[in-house]
Amino acid sequence: MNIFFLNGRKAAPFLFFLRYYLFWVLVFFAQRLAFVLYYYGSFSDAGSARMVQSFAYGLRLDLSMAGYFAAVPLLLFIVQQFIKASFFKKALKIYTWVLLVVTIFISGGDLGIYENWGVKLNYRAISMLAHPAEAIETSKSAPLVLLFIIMLSEIIIAGFLYRLAFSQMSIATGKLLSNEKVSYAAQLIVVAGLIFLSIRGGWQQIPINESTAYFSSFPVANHAAVNTPWHLSSSFLKNRHSGQKNIYTYLPDAEAAERVNHLYRTNSKDSTRLVLTQQRPNIVFIQLESFTADVIAELGGDSGVAPNMSKLIKEGILFTDIYASGVRTDQGIIAMLSGFPAQPQTNIVNQPEKIEHLPFLSLALKNENYHNAFYYGGELSFGRFNTIAYRAGFDRIVGLKDFSDAGLFNKWGADDKSLFDKYVKEMQHPAAPFFSYIITSSSHEPFTVPMPAVFDGSSQNEQFKNACYFTDRSLGTFFETVKQTAWYQNTLFVLAADHGHHLPNDRKFNEPARYHIPLLFFGNVIKEAYRGKKIAGTGSQTDIATTLLQQLQITDTAFKWGNDLLNPGRKPFAFYTFDDGFAWLTAKDTLIFDNRAKRLMYPSEEITGVHSDSVLTTGKAYMQKLYDAFLKY
């Protein structure tokens, strides 16, 4: 009896590709299992059922990725039928092992960044490899030995599966019997069709995308389901074409524009509260690395981490409901200096030609005869700080090369105390008025600071709090020193974080508390009546430049994405972005939208109503016009 599926020689193409698919599906299963076990604690809220479901919901993307991987072997197999010399099996082995090594490194990188970034490995993360030193420093907070062991285990498992699937399988090549030629041709047509369908995800009108793997309101379950190599490939392709068309088009352009313009119309245009005693004070802007509200007692954070900030708050103006625009330092600096919101999936600082068209607070002040200085203790090429600083019109730009070895405690560069010490030393007799922008870095991973630990313990939570405590202590010393200078009396100090952090309270990647940051105005130029005041009302980093210019009574219409935080007639809101989505916050509403899944992540769709739909439409309009602006720069 000559049955097709029992005849190994005649069924060679079909059986081979069936095994090849199964091999990759098992490899992806092992990588997903590694993710689930590594982040098992993150499933405490999602539950074990959703953890198991992630394997089922991820299968279609796994098959799609396996289809992409199988396309080259199919072509090689067809070529082999016309060549006498046998090369297919050896070529297949080399090709497959190259893919294995690449996908396993992708899997390991995904495990390494997910805790800090709250997203899967994407284009933005890979682009950090352009700055290997900084990438290495960032990775030091990850357990590299454990990640290496996991990747090594995946390689061993993959090697075992490969041998099991293909070591004993012989594939007839070269001269075939006439009936075998017909069988092979028919099978190759079927295999080609199946590969096409698996890549596309089926016959449906819309090809498969990542929303297929989204099945839960718990992001970690969805992220476990998404095939990591598929996600990274998609991220690359989207970023590659991000400069050509708006990928966030939800509404007719006129409607979107009107909704956004409405957000910046004030009910009482001339009601700005002028809180300064003079119109042209010096301004020292201190950008605090990762200084989340969770380490500020007055914002509901840990009371022991930033005691010097608490002292400053008692004498300054604290804005209590301010949110970062993104999750990276380079996003924060653009949001605060240019008033331009962070974009999902891409970053305007990666396109220097767009930076040329941004407005900058420092340029607006320079036009008013301010003398500008930019101070950072690290390498200025990180985050393209040098490009930003030069474009922003800073006269004095200080970076790593300007510090002696004594201040270089880790590879990020000078620690915060050394940074402040250098600034004070160089500002003994400054030309006035001046604007200085100082960027701290000691509270960045890997949280190594030159002081004995204040918070006992070796966990990242304690390390992070110690690093923040060191920055706060350096701030305390800085202010005690500058109070002795002649220019202190005429200076406004602005302190704001570049972004929040998931530590020390293990915040999820898209929850508002992770983006909640301090914003403080401080100095003797603040009117007595406003000292110690707390200003409520939801706001954003992008509002800071507009607020300062209004206080100085400088009109600059280039800052189109900012509200005046001291104008009671403003419409209070905040907008922030993450990997492929955004959040919209007001005093009454919190909406988190995942663009990839095309659904609300919060609140659940079951409890949304007409009001929420209207708010979401406004958020979509904002995202659409923001990306329009990004493309036009």
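The values are calculated or read from the model by the stated rules, or taken from the named source; none is laboratory data. This one's a predicted model, so the numbers in the text were calculated from it and none came from an experiment. A quick note on method: Cβ atoms are made from the backbone with ideal geometry, for glycine too, and the neighbour counts reach across all protein chains shown. When the accessible area is computed, the model is the full protein with side chains, heavy atoms only, and any ligands, DNA or RNA have been set aside. Shrake-Rupley method; radii C 1.70, N 1.55, O 1.52, S 1.80 Å.
Net charge dipole, segment 525-633: roughly 320 debye, given to the nearest 20, about the Cα centre with Cβ charges of +1 for Lys and Arg and -1 for Asp and Glu. Around Ile208, which amide H atoms from residues at least 5 apart in sequence, or from another chain, sit under 5 Å from its own amide H, with H modelled in the peptide plane? Amide H neighbours of Ile208: Gly201. Backbone N atoms of segment 554-583 closer than 19 Å to the 7 Å Cα→Cβ label point of Gln279 belong to residues 554-557. Per-residue 3J(HN,Hα) values for segment 305-314, derived from phi via the Karplus relation 6.51 cos²θ - 1.76 cosθ + 1.60 with θ = phi - 60°, read 8, 10, x, 6, 4, 4, 5, 5, 4, 5 Hz in sequence order (x marks Gly and Pro). With the Cα gyration tensor of segment 304-349 giving a ≥ b ≥ c as the square roots of its eigenvalues, does the rule (a/c under 1.5 for rounded; else a/b larger than b/c for prolate; else oblate) give rounded, prolate or oblate? Prolate, because a/c is 1.5 or more and a/b exceeds b/c. Relative to the longest principal axis of the Cα atoms of the chain, helix 460-482 runs at roughly 30 degrees.
Taking Lys and Arg as +1 and Asp and Glu as -1, the other residues whose beta-carbon sits under 11 Å from that of Asp402 total +2.
With R₀ fixed at 56 Å, the C-beta to C-beta distance from Ala192 to Leu408 puts the FRET efficiency at about 0.45. Each of Ala536 and Tyr95 was given a label point 7 Å from its Cα along the Cα-to-Cβ line. The distance between the two points is 6.5 nm. Magnitude of the charge dipole for the chain, about its Cα centre and with charges confined to Cβ atoms of Lys, Arg (+1) and Asp, Glu (-1), is about 1980 debye. Solvent-accessible surface (1.4 Å probe) assigned to His516 amounts to roughly 30 Å². Between Leu75 and Ser211, the contour length at 0.36 nm per residue exceeds the alpha carbon distance by 45.9 nm. For the residue pairs Lys311/Lys425; Lys366/Lys401; Lys425/Lys527; Lys311/Lys508; Lys245/Lys632; Lys417/Lys527, alpha carbon separations beyond 19 Å are given by Lys311/Lys425; Lys366/Lys401; Lys425/Lys527; Lys311/Lys508; Lys417/Lys527.
Each other residue within a Cβ distance under 12 Å of Gly539 adds +1 if Lys or Arg and -1 if Asp or Glu, for a net charge of -1. Taking Lys and Arg as +1 and Asp and Glu as -1, the other residues whose beta-carbon sits under 12 Å from that of Thr277 total +2. Here the gap between Lys425 and Ala453, fully extended at 0.36 nm per residue and compared with their Cα-Cα distance, gives a gain of 7.3 nm. Between 0 and 90 degrees, the angle of helix 253-263 with respect to the longest Cα principal axis of the chain falls at about 30 degrees. Looking at the chain, the DSSP beta bridges with both ends there are about 50 percent antiparallel.
To put it simply, the accessible area of the chain at a 1.4 Å probe is 59 percent carbon and sulfur. The residue list Ser436, Ala364, Leu194 was ranked by how far each Cα lies along the charge dipole of the chain toward its positive end, using unit charges on Cβ atoms, and Leu194 comes out on top. The modelled label-to-label distance for the pair Phe236/Asp613, using points 7 Å beyond Cα in the direction of Cβ, is 4.1 nm.
Axis of helix 610-632 versus longest Cα principal axis of the chain: the two differ by about 90°, to the nearest ten degrees.
Against the criterion of solvent-accessible heavy-atom surface with a 1.4 angstrom probe, Trp584, Trp97 sort, most first, into Trp97, Trp584. Across the options Ser153, Phe447, Gly339, the greatest Cα extent toward the positive end of the charge dipole of the chain (unit charges at beta carbon of Lys, Arg, Asp, Glu) belongs to Ser153. Measuring spread by the Cα atoms of the chain yields a radius of gyration and Dmax of 28.1, 102 Å. Between Val25 and His357, the simple spin-label model (points 7 angstrom out along Cα→Cβ) gives 4.8 nm. Overall, the anisotropy analysis places segment 237-370 in the prolate class: the square-rooted eigenvalues a ≥ b ≥ c of its C-alpha gyration tensor yield a/c not less than 1.5, with a/b exceeding b/c. Protein heavy-atom accessible surface, 1.4 Å probe, per residue over the chain: 42 Å². Net length available on complete extension from Val52 to Ala297 is 84.2 nm, with 0.36 nm assigned per residue and the Cα-Cα distance removed. Sorting 373-382, 308-317 by average packing, meaning the other beta carbons within 10 Å per residue, from highest down gives 373-382, 308-317.
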